[in-house]
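Engineer: Sharing a structure with you now.
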Amino acid sequence: MDDREHSPNVAKKSRRAGVPDAAAAENAPAEATGPKAQELGDLYFAAENFGAALECYRRALEGEAARPEGPNREAMLRLGTQIVECLRHRGDVDEAVDTLRDLHHRLRPHVQKEQIGRLALSLAVLHYERGRYRPAHRAAMLAYRL
(Lines give C-alpha, C1' and ligand atoms only; values in the text may rest on other atoms or scores of the structure.)
Protein backbone atom coordinates (compact mmCIF):
# COMPACT_ATOMS: atom_id res chain seq x y z
CA MET A 1 0.00 0.00 0.00
CA ASP A 2 1.32 3.42 -0.96
CA ASP A 3 1.66 5.93 1.90
CA ARG A 4 0.87 8.80 -0.47
CA GLU A 5 -2.73 7.59 -0.77
CA HIS A 6 -3.33 8.43 2.88
CA SER A 7 -1.47 11.73 3.08
CA PRO A 8 -3.52 14.88 3.76
CA ASN A 9 -2.10 16.57 0.65
CA VAL A 10 -3.53 13.90 -1.65
CA ALA A 11 -6.92 14.19 0.04
CA LYS A 12 -6.83 18.00 -0.33
CA LYS A 13 -5.97 17.71 -4.03
CA SER A 14 -8.83 15.27 -4.55
CA ARG A 15 -11.31 17.58 -2.88
CA ARG A 16 -10.05 20.59 -4.83
CA ALA A 17 -10.50 18.67 -8.07
CA GLY A 18 -14.12 17.97 -7.06
CA VAL A 19 -13.58 14.25 -6.61
CA PRO A 20 -14.56 12.78 -3.24
CA ASP A 21 -11.97 10.65 -1.50
CA ALA A 22 -12.61 7.54 0.62
CA ALA A 23 -12.98 9.57 3.83
CA ALA A 24 -15.57 11.80 2.19
CA ALA A 25 -17.51 8.72 1.06
CA GLU A 26 -17.69 7.45 4.62
CA ASN A 27 -18.86 10.84 5.90
CA ALA A 28 -21.49 11.44 3.20
CA PRO A 29 -24.81 12.34 4.78
CA ALA A 30 -27.01 9.25 4.75
CA GLU A 31 -30.12 11.41 4.84
CA ALA A 32 -29.27 13.28 1.62
CA THR A 33 -32.05 12.82 -0.92
CA GLY A 34 -33.23 14.47 -4.09
CA PRO A 35 -30.83 16.84 -5.85
CA LYS A 36 -28.18 16.62 -3.10
CA ALA A 37 -28.05 12.84 -3.34
CA GLN A 38 -27.93 13.10 -7.13
CA GLU A 39 -25.02 15.56 -6.97
CA LEU A 40 -23.15 13.26 -4.58
CA GLY A 41 -23.87 10.35 -6.91
CA ASP A 42 -22.45 12.29 -9.85
CA LEU A 43 -19.26 12.99 -7.89
CA TYR A 44 -18.86 9.36 -6.87
CA PHE A 45 -19.58 8.21 -10.42
CA ALA A 46 -16.90 10.57 -11.77
CA ALA A 47 -14.49 9.13 -9.18
CA GLU A 48 -15.44 5.61 -10.32
CA ASN A 49 -16.81 4.79 -6.86
CA PHE A 50 -19.83 3.02 -8.31
CA GLY A 51 -21.06 1.51 -5.04
CA ALA A 52 -21.38 4.91 -3.34
CA ALA A 53 -22.82 6.45 -6.52
CA LEU A 54 -25.40 3.67 -6.72
CA GLU A 55 -26.50 4.29 -3.13
CA CYS A 56 -26.82 8.04 -3.74
CA TYR A 57 -28.75 7.60 -7.00
CA ARG A 58 -31.15 5.15 -5.33
CA ARG A 59 -31.80 7.63 -2.50
CA ALA A 60 -32.37 10.39 -5.04
CA LEU A 61 -34.80 8.19 -7.00
CA GLU A 62 -36.72 7.34 -3.82
CA GLY A 63 -36.92 11.04 -2.99
CA GLU A 64 -38.14 11.82 -6.49
CA ALA A 65 -40.83 9.15 -6.35
CA ALA A 66 -42.03 10.44 -2.96
CA ARG A 67 -42.51 14.07 -4.04
CA PRO A 68 -45.98 15.33 -2.97
CA GLU A 69 -46.60 16.99 -6.34
CA GLY A 70 -45.67 13.79 -8.14
CA PRO A 71 -42.37 12.58 -9.57
CA ASN A 72 -40.54 14.37 -12.33
CA ARG A 73 -40.36 11.69 -15.03
CA GLU A 74 -37.30 13.23 -16.68
CA ALA A 75 -35.40 13.14 -13.37
CA MET A 76 -36.51 9.55 -12.81
CA LEU A 77 -35.28 8.62 -16.28
CA ARG A 78 -31.88 10.19 -15.66
CA LEU A 79 -31.49 8.66 -12.20
CA GLY A 80 -32.63 5.24 -13.40
CA THR A 81 -30.16 5.38 -16.27
CA GLN A 82 -27.34 6.28 -13.87
CA ILE A 83 -28.34 3.39 -11.57
CA VAL A 84 -28.15 1.03 -14.53
CA GLU A 85 -24.72 2.38 -15.49
CA CYS A 86 -23.44 1.93 -11.92
CA LEU A 87 -24.70 -1.66 -11.87
CA ARG A 88 -23.13 -2.31 -15.25
CA HIS A 89 -19.76 -0.93 -14.18
CA ARG A 90 -19.88 -3.08 -11.03
CA GLY A 91 -20.55 -6.18 -13.13
CA ASP A 92 -24.13 -6.65 -11.88
CA VAL A 93 -25.47 -7.04 -15.42
CA ASP A 94 -28.48 -9.16 -14.42
CA GLU A 95 -29.63 -6.57 -11.91
CA ALA A 96 -28.94 -3.82 -14.46
CA VAL A 97 -31.20 -5.57 -16.99
CA ASP A 98 -33.96 -6.01 -14.40
CA THR A 99 -33.67 -2.37 -13.32
CA LEU A 100 -33.71 -1.14 -16.91
CA ARG A 101 -36.71 -3.29 -17.76
CA ASP A 102 -38.60 -1.96 -14.72
CA LEU A 103 -37.68 1.62 -15.61
CA HIS A 104 -38.83 1.06 -19.19
CA HIS A 105 -42.23 -0.22 -18.08
CA ARG A 106 -42.79 2.51 -15.49
CA LEU A 107 -41.81 5.42 -17.72
CA ARG A 108 -42.96 4.30 -21.16
CA PRO A 109 -46.35 6.06 -21.04
CA HIS A 110 -44.87 9.26 -19.58
CA VAL A 111 -41.74 10.22 -21.54
CA GLN A 112 -40.91 10.89 -25.17
CA LYS A 113 -40.51 8.03 -27.63
CA GLU A 114 -36.86 8.91 -28.29
CA GLN A 115 -36.04 8.49 -24.62
CA ILE A 116 -37.78 5.12 -24.49
CA GLY A 117 -35.80 4.20 -27.61
CA ARG A 118 -32.57 4.98 -25.77
CA LEU A 119 -33.68 2.80 -22.86
CA ALA A 120 -34.55 -0.02 -25.27
CA LEU A 121 -31.14 0.32 -26.93
CA SER A 122 -29.40 0.15 -23.54
CA LEU A 123 -31.44 -2.94 -22.75
CA ALA A 124 -30.40 -4.47 -26.09
CA VAL A 125 -26.73 -3.87 -25.30
CA LEU A 126 -27.05 -5.44 -21.84
CA HIS A 127 -28.83 -8.49 -23.26
CA TYR A 128 -26.15 -8.81 -25.92
CA GLU A 129 -23.40 -8.64 -23.26
CA ARG A 130 -25.16 -11.48 -21.40
CA GLY A 131 -25.27 -13.59 -24.57
CA ARG A 132 -29.06 -13.33 -24.80
CA TYR A 133 -29.25 -12.56 -28.50
CA ARG A 134 -32.98 -12.98 -29.12
CA PRO A 135 -34.05 -10.51 -26.41
CA ALA A 136 -31.23 -8.22 -27.55
CA HIS A 137 -32.61 -8.29 -31.08
CA ARG A 138 -36.17 -7.55 -29.88
CA ALA A 139 -35.02 -4.62 -27.76
CA ALA A 140 -32.87 -3.27 -30.59
CA MET A 141 -35.80 -3.49 -33.00
CA LEU A 142 -38.01 -1.61 -30.53
CA ALA A 143 -35.35 1.10 -30.28
CA TYR A 144 -35.15 1.25 -34.08
CA ARG A 145 -38.94 1.60 -34.47
CA LEU A 146 -39.09 4.41 -31.91
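Engineer: With all protein chains present, calculate the accessible area of residue 55 using a 1.4 Å probe and round the result to the nearest 10 Å².
Structural biologist: Probe radius 1.4 Å; accessible area of residue 55 about 110 Å².
Engineer: Separate question: Working out 0.36 nm times the residue gap between residue 108 and residue 92, then minus their Cα-Cα distance, what length gain in nm do you get to one decimal? Spell out each step's value before the answer.
Structural biologist: Working: separation 16, 0.36 × 16 = 5.76 nm, distance 2.37 nm.
Result for the pair: 3.4 nm of gain on full extension.
Engineer: How much length would be gained if the chain were fully extended between residue 65 and residue 146, taking 0.36 nm per residue of separation minus their Cα-Cα distance, in nm to one decimal?
Structural biologist: Values: separation 81, 0.36 × 81 = 29.16 nm, distance 2.61 nm.
That pair, residue 65 and residue 146, stretches by 26.6 nm at full extension.
Engineer: Quick one: 3J(HN,Hα) in Hz for the stretch 110-126, Karplus 6.51/-1.76/1.60 with θ = phi - 60°, rounded, Gly and Pro as x.
Structural biologist: 10, 10, 5, 4, 4, 5, 5, x, 5, 5, 4, 5, 4, 5, 4, 5, 5
Engineer: Here's a follow-up. Calculate one ³J(HN,Hα) per residue across the stretch 33-39 by plugging θ = phi - 60° into the Karplus curve 6.51 cos²θ - 1.76 cosθ + 1.60, and present them in order as whole Hz with x for glycine and proline.
Structural biologist: In residue order, the calculated couplings are 9, x, x, 5, 5, 5, 4 Hz.
Engineer: Quick one: net charge of residue 64's neighbours, Cβ under 14 Å, K/R +1, D/E -1? Present the calculation step by step, with values, prior to reporting the outcome.
Structural biologist: On the way: positive: 36, 58, 59, 67, 73, 78, 106; negative: 39, 62, 69, 74.
Net of charged neighbours comes to +3.
Engineer: Share of the stretch 100-146's accessible area from carbon and sulfur, percent, 1.4 Å?
Structural biologist: On the stretch 100-146, the fraction of accessible area on carbon and sulfur atoms equals 52 percent.
Engineer: Can you work out the accessible area per residue across the stretch 81-136, with the rest of the protein chains kept in place, probe 1.4 Å, in square angstrom? The partial results should precede the final answer.
Structural biologist: Values: 3230 Å² over 56 residues.
Result: 58 Å² per residue.
The values are calculated or read from the model by the stated rules, or taken from the named source; none is laboratory data. Because the structure is predicted, anything quoted here is derived from the model rather than measured. All Cβ positions, even for glycine, are placed from backbone atoms using ideal geometry, and neighbour counts span all protein chains on display. Quick note on the areas: whole protein, heavy atoms, side chains included, nothing else; ligands and nucleic acids left out. Shrake-Rupley method; radii C 1.70, N 1.55, O 1.52, S 1.80 Å.
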